[in-house]
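Data first, discussion second: the structure below is written as structure tokens.
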Amino acid sequence: MRTIGMKRAIVGAAIAALAMNASAAHAATATATAKARILQQLTLTNSTDLDFGTIVSGTAASTVAVSTAGAVSCGTGLTCIGTTTAAGFNLAGTSGAVVGISGPSTVSLTSGSNTMSAALTYSAPTVTLGATGGTFSVGGTLTVGASQAAGNYAGTFTVTANYQ
């Protein structure tokens, strides 16, 4: 009887050993690498304002356009005087990184209770930063009403820059 018990124990141990080897033969391992890329914090500064210059209004509504390069196009019936500039912005951050530019499509200019609206145009939807950063500009087309009320008109708009 003792021999039978001993044989059973040896057979059980052998089966257990084979089962352990069988699962080890089917096991697989792999390694992965954890990564992180750190970018410098973006800074965005305004270098020039969007300036439509001095405008003498006419009897009919018209427009004044300032390109993203600052060139002016004075509409029919208007007289445009003085220097015009596109809004200029400077970016600083990680060289080689792509930065997306976004902002409103219009800005409202007011003088007291009087208003005018300008459609905004961006020089580029993205900027790739170089060693010294990057730049972009914003121009616009101002709608001047017929016999627009005299005044100093101003309005603000906010642009946003985000790493892509």
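The values are calculated or read from the model by the stated rules, or taken from the named source; none is laboratory data. All of these numbers come straight from a predicted model, not from anything done at the bench. Areas reflect the complete protein model, heavy atoms only, side chains present, ligands, DNA and RNA absent. Shrake-Rupley method; radii C 1.70, N 1.55, O 1.52, S 1.80 Å.
Data for the structure
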read-out	value
Carbon plus sulfur fraction of accessible area for the chain, probe 1.4 Å, in percent	56
Correct choice for P(r) over Cα pairs in 10 Å bins from 0, in percent that was computed from the model, options (1) 9, 27, 23, 14, 11, 9, 6, 2, 0; (2) 9, 29, 27, 22, 11, 2, 0; (3) 9, 26, 18, 11, 6, 5, 5, 6, 6, 5, 3, 1, 0	(3)
Gaussian network model of the chain, Cα within-10 Å springs - most flexible of 103, 82, 139	82
